[in-house]
Amino acid sequence: MEKVRGDQLYEGKAKIVYATANPEHYLVYYKDDATAFNGVKKGIISGKGELNNRISAHFFELLERRGIQTHFVELVSPREMLVRKVTILPIEVVVRNIAAGSLAKRLGLAEGTTLKQPVLEYYYKDDDLGDPLINEYHIRALDLATDADLAILAEQALKINAILSEYLATRRLKLVDFKLEFGRTTQGEVILADEISPDTCRFWDSDTQEKLDKDRFRRDLGGVEEAYQEIWRRLTGGAE
């Protein structure tokens with residue numbers, strides 16, 4: 001019965017969160033809506049909700065097997081997953097392996113430059129402010145997280161990066177960079193939440209460097225739906 005949607009609790013740019021009969025679980029519905037540049041650009045990517053739901057579940061299950069705690073419980077339908085109830089920390093954690101997007105612009109690096117080591121960045125999760133880049137001092141000053149929380153975020157993000165990068169290499173994909181969000185459970189644990197998908201990651205073909213993610217929407221490159229489908233095909237070997 002808990003898989004039946006209850007009251008709508010929240011609607012974001014890409015997902016809707018519903019209550020369930022179990023107070024410890026939420027139901028997350030993935031939409032086809034697409035936004036970029038902090039909501040300035042909007043559109044629809046046909047089938048994105050279903051693909052992101054399945055892709056996220058695939059990655060969550062992989063990470064759980066490798067010892068990373070996530071909010072994922074199970075897939076409920078092509079567009080819905082059951083997750084553990086968490087309070088999302090107002091910090092977006094970004095891991096970068098290759099210069100692209102804002103990092104390339106900020107540091108004057110050619111896009112595609114491989115970094116000597118992964119770069120970890122924090123952004124204040126606030127749409128009105130445009131999710132600004134912040135550091136540990138800002139986080140402490142704004143009381144966004146404790147030092148213990150920050151240690152968990154950094155450790156988990158870098159471990160997730162290593163797991164996913166190694167796994168994706170076997171699918172002929174480069175993990176250029178990606179965004180993670182974490183939440184606190186009712187028991188006080190900080191665990192991985194939100195999603196891991198072409199909406200939140202930059203995936204490049206290992207051989208051709210072709211972009212297979214939301215950059216195709218951001219930059220009007222075309223073939224957006226096909227790129228998301230290609231990611232799912234490579235993760236599953238073409239199996240449904």
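The values are calculated or read from the model by the stated rules, or taken from the named source; none is laboratory data. Since the model is a prediction, treat every value here as computed from it, not as a measurement. Glycine gets a Cβ as well: all are built from the backbone with ideal geometry, and neighbour counts include every protein chain shown.
Worth a mention:
- Listed conditions (1) in a strand (DSSP E or B); (2) outside the structural domain of Asn22 (by TED's automatic domain parsing) are all met by Leu75, apart from (2).
- Hits in the stretch 23-37 - residues which are at pLDDT 85 or above and surrounded by fewer than 16 Cβ atoms within 10 Å (Cβ to Cβ): Pro23, Glu24
- Residue in the stretch 191-203 that is among the basic types (Lys, Arg), surrounded by 21 or more Cβ atoms within 10 Å (Cβ to Cβ) and within 20 Å of Ser46 (Cα to Cα) present: yes
- Within the stretch 89-114, tally of residues that are among the charged types (D, E, K, R) and loosely packed, with under 15 Cβ neighbours inside 10 Å: 3
- All positions within the stretch 38-55 that are under 16 Å from the mean Cα position of the chain (by Cα) and surrounded by fewer than 16 Cβ atoms within 10 Å (Cβ to Cβ): Asn38
- Consider the stretch 17-60 and keep the residues that are part of a strand (DSSP E or B) and of a type in the set (Val, Ile, Thr). The one that is farthest from Asp194 (Cα to Cα) is Ile44.
- Scanning the stretch 93-136 for residues that are outside any helix (DSSP H, G or I), without any contact (Cβ under 8 Å) to a residue 12 or more places away in the chain and out of contact with any strand residue (DSSP E or B) (no Cβ under 8 Å at 6 or more places or on another chain) yields Gly108, Leu109, Ala110, Lys116, Gln117.
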